[in-house]
Amino acid sequence: MKILGIETSCDETSVAVLDDKTVLVNLVSSQLMHQQYGGVVPELASREHMRILDSLVTEALDKSQVELTDIDGIAVTRGPGLMGALLVGLSFAKGLAFATEKPLLGVNHVEGHIMANFLDHPELDYPFLCLLVSGGHTQIIFVKDFHDYTILGRSIDDAAGEAFDKAARILNLGYPGGPIVDRLARIGKPEFYHFPRANIKDNPTNFSFSGLKTALLYLVRQKGSEWAEKHKNDLCASYQEAIMDVLVTNTIETAIQRECRKLVLAGGVAANSRLRSRISEISMQYGISVYFPSLEYCTDNAAMISRTGRELYIRQLFSSSSISAVPNLTLENDF
């Protein structure tokens, strides 16, 4: 079974070809023009997807040595994401599916991040607990089976990825903030400053990062930009540690309460080196097996969309040509 995957939910254009469970090619074109604006400009993102998608599909087929006629299904992200960006990929996939008479497979981007783990860990089986951490989502999800999810905890305000980006903006580090903060934190002192850790009393499984961001903002205003520049490594380490404390504590406690011995990480922040080391260390103490996607499958990519599309194809869950892009699509309102 060969699945062509297309991902255009935000600022990365990606195309992949999956042969059964093997990724033949996974091309990702990142839109660097957004760095000068400190965040993604939706209109520019859509235009860049339009400019490059057709040639990227051609390149993916050439590199995988697969003919379009050999493709069994076309998987494409239909949400969540930026409406304009989603429409580019979805419209292209619809046209391609119609022209080739291949099944269209509309994929939930969030589910794709979860399924990315099966690319590196084919031995992984259900059920398991998943910590999904990205720019738009921070959730603890019980994954009973494909298409069968229970969200046990979530951020009530900013996602962890947003918290990283806002810290980088406050400290004038650049965009995207997550990789930059992670890199500087490695040479900083986590104990330099104690930032607040939110504890949600009515649901200890939930997360909140807005107070953390505000604490950093007020600290920099009080101490001044020169002080912040001098201590940026230590500030990044301290700030990151506050995020990690909450992510790791809430996730491990949930795994213990649910007696879940398999833990999966997903999303862009799953690439964070401190998160990987801390959650691996603590999980080992409780006999919990941890699964990480490789770094290339943490951030937005079409390989995870193809892998999810494969599951949809097997179950004959094909999408009609009238399928819409859904910017606010969630695991809860999808199935």
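Some points to look at:
- Some residue of the stretch 43-51 being closer than 15 Å to L4 by Cβ and buried (at least 22 other Cβ atoms within 10 Å of the Cβ): no
- Criterion violated by D234 - all others in (1) of a type in the set (D, E, K, R); (2) over 18 Å from the mean Cα position of the chain (by Cα); (3) surrounded by 15 or more Cβ atoms within 10 Å (Cβ to Cβ); (4) within 30 Å of E332 (Cα to Cα) satisfied: (4)
- Filtered residues of the stretch 252-269 (kept if crowded, with 20+ Cβ neighbours inside 10 Å, in a helix (DSSP H, G or I) and either touching a helix residue (DSSP H, G or I) at 6+ places or on another chain (Cβ under 7 Å) or without any contact (Cβ under 8 Å) to a residue 24 or more places away in the chain (or both)): I252, G268, V269
- Looking only at the stretch 136-161, and only at residues there that are touching a helix residue (DSSP H, G or I) at 6+ places or on another chain (Cβ under 9 Å) and of a type in the set (D, E), the one that is surrounded by the most Cβ atoms within 10 Å (Cβ to Cβ): D158
- Residue within the stretch 275-295 that is more than 19 Å from the chain's Cα centre (by Cα), free of Cβ contacts under 8 Å to residues at least 12 places away in the same chain and not in a helix (DSSP H, G or I) present: no
- Top-ranked residue of the stretch 2-21 - restricted to ones that are surrounded by fewer than 24 Cβ atoms within 10 Å (Cβ to Cβ) and part of a strand (DSSP E or B), ranked as modelled with the lowest pLDDT: E12
- Checking L86 against (1) under 10 Å from S9 (Cβ atoms); (2) over 25 Å from the mean Cα position of the chain (by Cα), the condition it does not meet: (2)
- Yes/no for L329 being touching an Asp or Glu at 6+ places or on another chain (Cβ under 9 Å), under 22 Å from V15 (Cβ atoms) and assigned to a loop (DSSP other than H, G, I, E, B): no
- Screening R307 on (1) outside the structural domain of H194 (by TED's automatic domain parsing); (2) of a type in the set (K, R); (3) more than 30 Å from V17 (Cβ to Cβ) shows it passes everything except condition (3).
- The residues listed here are Q316, Q222; of these, the one that is surrounded by fewer than 21 Cβ atoms within 10 Å (Cβ to Cβ), within 26 Å of F142 (Cβ to Cβ) and without any contact (Cβ under 8 Å) to a residue 12 or more places away in the chain is Q316.
- Scanning the stretch 96-115 finds one or more residues that are crowded, with 20+ Cβ neighbours inside 10 Å, more than 27 Å from I288 (Cβ to Cβ), under 16 Å from the mean Cα position of the chain (by Cα) and not charged (D, E, K, R).
The values are calculated or read from the model by the stated rules, or taken from the named source; none is laboratory data. Just so you know, these numbers come straight off a predicted model, no measurement behind them. Please note: Cβ atoms are built from the backbone with ideal geometry, for glycine as well, and neighbour counts cover all protein chains shown.
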